[in-house]
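We did not get these values from a lab; they are worked out from the coordinates using the rules stated. Quantities reported herein were computed from a predicted structural model and do not represent experimental measurements. FYI the Cβ positions are ideal-geometry reconstructions off the backbone, even for glycines, and counts take in every protein chain you see.
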Amino acid sequence: MGINKVILVGHVGRDPVLKSLPSGKHIATFSLATTDKRSKDESGNPRTEWHNIVAWDKLAEICERYVTKGKQLYIEGSIRTRTYEQDGQKKYFTEIHAQTMEMLGSPQGSESSAPREKYEAVAQSYPDDVDDVPF
């Protein structure tokens with residue numbers, strides 16, 4: 001038995017990019033920064049980690065509509081590592097596949113602000129093989 005669960009609270013680093021796959025599935029990708037104020041980097045600043053977030057189908061559409069750079073999010077998901085070859089060397093790319101997302105912070109007051117609620121993806125909508133992802 002194994003458990004692969006990630007919980008992150010951080011700020012969006014770039015607006016989500018929504019793409020449609022040949023299979024008809026939608027995928028949104030964006031970055032999320034988490035900062036640990038208790039841990040310092042070599043310059044004495046709080047340590048920040050950047051995470052590549054992937055959302056599928058309905059959750060991807062919600063991300064594209066409501067998530068913007070700087071917004072604080074709560075994300076639950078799992079770690080996935082993809083490999084590819086570049087210049088004869090094997091490269092690894094680690095992503096967080098979001099299953100649950102909650103928008104945090106105060107609403108901006110605009111019509112486009114999503115209500116503060118929890119969005120959950122349907123686990124069955126995640127393909128086991130993401131080789132057809134166009135990036």
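With a Förster radius of 22 Å applied to the beta-carbon distance between Ser43 and Lys69, the computed FRET efficiency rounds to 0.40. Relative contact order, whole percent, for segment 1-98 stands at 32, derived from Cα pairs under 8 Å and 6 or more residues apart.
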